[in-house]
Amino acid sequence: MAQLVYTGIMSVDGYIADKDGKFDWSAPDDEVHAFVNDREASIGTYLYGRRMYEVMRYWETAHTLAGQSAVTRDFTEIWQAADKIVYSTTLEAVSTERTRLERSFDPAEVRRSTDAADRDVGVGGAALAAHAIRAGIVDEFHMYVTPHIVGGGTPYLPDDVRLELELLDEHRFTNGVVYLRYRVR
């Protein structure tokens, strides 16, 4: 059975973007990116809100840019091979392959789709993930904690949720990033 996985790169103080909306401080180096690629290869479908989709659609054409590293090219292939569902009431159309637009997020339908999937489903973006977390449908959290404190911004987790988690995996990188994989109990 597939898992609904929320993955994010965040600061030590729990933010995926700083108060100015910037996240350049979270860019993974090749060691971290290769590890991310290994984990993301299990994802068959990505679920995005509008803002996260607008960030991630970069990967639709990343392979056309000169000077891409091998790990960047690998992630481009992983992302392009996956299906994408974008939940938005304001986006008029999607501009990437293997992508469909949905106007509303139905947690029961997402749970049914995930349970029927043969590959994991990734939920991306703090706002959409917050809906899934509040609905109790997120199975795993994959956190990449960077050695930065940004003092505010977009939190990785919503404030109004309480869950008991079980640590499944952890990994330390030479640049100070720590990977934590938790399952919801």
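When the residues of segment 166-183 are filtered to those that are among the β-branched types (Val, Ile, Thr) and in contact with a strand residue (DSSP E or B) (Cβ under 6 Å, 6 or more places away or on another chain), which remaining residue is nearest to PHE141 (Cα to Cα)? Working first, answer last.
Step one: filter segment 166-183 for residues among the β-branched types (Val, Ile, Thr), giving 174, 177-178.
Retained after the next criterion (residues that are in contact with a strand residue (DSSP E or B) (Cβ under 6 Å, 6 or more places away or on another chain)): 177-178.
On the way: VAL177: 16, VAL178: 13 Å.
If we take residues in segment 166-183 being among the β-branched types (Val, Ile, Thr) and in contact with a strand residue (DSSP E or B) (Cβ under 6 Å, 6 or more places away or on another chain), then VAL178 is nearest to PHE141 (Cα to Cα).
Looking at segment 23-47 only, could you name the residues that are aliphatic (A, V, I, L, M) and surrounded by fewer than 19 Cβ atoms within 10 Å (Cβ to Cβ)?
ALA27, ALA34, ALA41
Can you tell me which residue is nearest to the chain's Cα centre (by Cα) among those in segment 51-78 that are surrounded by fewer than 17 Cβ atoms within 10 Å (Cβ to Cβ) and within 25 Å of HIS131 (Cα to Cα)?
Once the filter is applied, the top-ranked residue is VAL55.
Can you find, within segment 41-52, the residue that is farthest from GLU102 (Cα to Cα) among those that are among the small types (Gly, Ala, Ser) and outside any loop (DSSP other than H, G, I, E, B)? First the steps, then the outcome.
So in segment 41-52, the residues among the small types (Gly, Ala, Ser) come out as 41-42, 44, 49.
Applying the additional criterion that residues be outside any loop (DSSP other than H, G, I, E, B) yields 44, 49.
On the way: GLY44: 18, GLY49: 10 Å.
The selected residue is GLY44.
Taking the criterion of being out of contact with any Ser or Thr (no Cβ under 8 Å at 6 or more places or on another chain) and at pLDDT below 95, would at least one residue in segment 125-137 satisfy it?
Here is the first cut: in segment 125-137, the ones out of contact with any Ser or Thr (no Cβ under 8 Å at 6 or more places or on another chain) are 125, 127-136.
Filter once more, so that each one left must be at pLDDT below 95: 125.
Yes, some residue in segment 125-137 is out of contact with any Ser or Thr (no Cβ under 8 Å at 6 or more places or on another chain) and at pLDDT below 95.
The values are calculated or read from the model by the stated rules, or taken from the named source; none is laboratory data. Just so it is clear, the model here is predicted, and its values are computed rather than measured. Using ideal geometry, Cβ is built from the backbone for each residue, glycine included, and neighbour counts are taken over all protein chains shown.
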